[in-house]
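The values are calculated or read from the model by the stated rules, or taken from the named source; none is laboratory data. This structure is a prediction, so every number in the text was calculated from the model and none was measured. Cβ sites come from the backbone with ideal geometry, for glycine too, and all protein chains shown count toward neighbours.
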Amino acid sequence: MEQPVPLADVLAGPREPIALARLLAGRDNAEREAAVAAYLGRRGLPFARHAFDSVEGRGENFQVDVGAGDRILVLVAHHDAVPGSPGANDNAAAVGILLALAEQLSARPPERLRVRFLFPAAEELGYLGTRFYVQDRPLDGIVGVLSLELCGIGDSVVVWDAPEPTPFLHSVTGALEALGRRRDESYHVVGTIPVFGSDHRAFAAAGIPAYGLSIVPAREADALREFVLDPARSPLAADGRLPVPFDTYHTPGDALRTLDAAACAAVLAALQAVVAAID
């Protein structure tokens, strides 16, 4: 498996999302968890710990709140990976993006909005960490949730598990359009995904508007839509070929070298726009 960059080098290094993805990539899950806590402490970002332990698994979630408004936007990026995968696109890139955004907003907090950054454990165990978080923590004031998955490869933003319009979804798509993105061209809204999922589903089960957020190559949009909506029947699945980024998803090929700095920067810009639109 890909060898991790020494933690001390990452902690002392640049703060762009693509560089911060090195915090996790190639480490086992215990090391990934410890690395997130180390980074938050090193950068002086106050965070709350939420530990859980069950027959299904154990771990620790980390929460960083920026701003003091009564309305809360929750942004989520899980810090675990499947065994045997370096976990760069799933999900080190997303963690790097949120860490970069958290630092930016801490320097200039939103005026009327609280942005809650949640870094949960055990997403790969059926969103276990987030399910415990939703069960244990108050959810009052949350206006919406975006969970970041597969955010390091591509140029077209995808909002998924969004089967029907909501005011929160309208704010998200409006923010993307304010950046000059066009629906069904440079951004896509996709309904319920039957097989793949992420941490937002724990919030959605509690009645909160919550969606997945990814970035994918625009050239693969049609193939990806077909694959994620019906992977068993997709001809790409039948002959063993998978569209990017699923060609490396949950495999030893999910390495740092596959990530694209421009993709990470585009997701960061999208989130900045969402925060501004809701504030």
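Every residue, every condition in (1) under 22 Å from residue 127 (Cα atoms); (2) free of Cβ contacts under 8 Å to residues at least 40 places away in the same chain; (3) crowded, with 18+ Cβ neighbours inside 10 Å, yes or no:
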| position | (1), (2), (3) |
| --- | --- |
| 183 | no, yes, no |
| 201 | yes, no, yes |
| 210 | yes, no, yes |
| 213 | yes, no, yes |
| 229 | yes, yes, no |
| 244 | no, no, yes |
| 265 | no, no, no |
| 276 | no, no, no |
- Task: Only helices (runs of 4 or more DSSP H) wholly contained in the range 165-234 count here; list those with 2 or more residues that are within 18 Å of the chain's Cα centre (by Cα) and within 23 Å of residue 97 (Cα to Cα).
- Result: 167-178, 200-204
- Note on the structure: Selection from the range 46-65 of residues under 21 Å from residue 138 (Cβ atoms) and either touching an Asp or Glu at 6+ places or on another chain (Cβ under 9 Å) or of a type in the set (Val, Ile, Thr) (or both) yields 46, 47, 48, 49, 50, 51, 52, 59, 60, 62, 64
- Item | Complete set of residues in the range 111-129 that are buried (at least 23 other Cβ atoms within 10 Å of the Cβ), closer than 12 Å to residue 145 by Cα and either in contact with a Phe, Trp or Tyr (Cβ under 9 Å, 6 or more places away or on another chain) or not β-branched (Val, Ile, Thr) (or both) | 117, 118
- Could you grab me the full set of residues in the range 141-164 that are within 22 Å of residue 182 (Cβ to Cβ), among the small types (Gly, Ala, Ser) and assigned to a loop (DSSP other than H, G, I, E, B)? 154, 162
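Does at least one position in the range 46-53 carry a residue that is without any contact (Cβ under 8 Å) to a residue 24 or more places away in the chain, surrounded by fewer than 21 Cβ atoms within 10 Å (Cβ to Cβ) and among the acidic types (Asp, Glu)?
For the range 46-53, residues without any contact (Cβ under 8 Å) to a residue 24 or more places away in the chain, surrounded by fewer than 21 Cβ atoms within 10 Å (Cβ to Cβ) and among the acidic types (Asp, Glu): present.
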- Task: Note down all Cβ pairs under 7 Å where the first residue falls in the range 96-110 and is in contact (Cβ under 8 Å) with a residue 60 or more places away in the chain and in a helix (DSSP H, G or I), the second is among the hydroxyl-bearing types (Ser, Thr, Tyr) and buried (at least 19 other Cβ atoms within 10 Å of the Cβ), and they're at least six residues apart or on different chains.
- Result: 99/39
- Message: Need pairs with beta-carbon distance below 7 Å; first residue farther than 15 Å from residue 120 by Cβ and of a type in the set (Gly, Ala, Ser) and within the range 31-45, second crowded, with 21+ Cβ neighbours inside 10 Å and at pLDDT below 95; sequence gap 6+ or separate chains.
- Response: none
- residue 161 being acidic (Asp, Glu), on the phi > 0 side of the Ramachandran plot and at pLDDT 95 or above: yes
- Of the criteria (1) surrounded by 19 or more Cβ atoms within 10 Å (Cβ to Cβ); (2) without any contact (Cβ under 8 Å) to a residue 40 or more places away in the chain, which one residue 191 fails: (1)
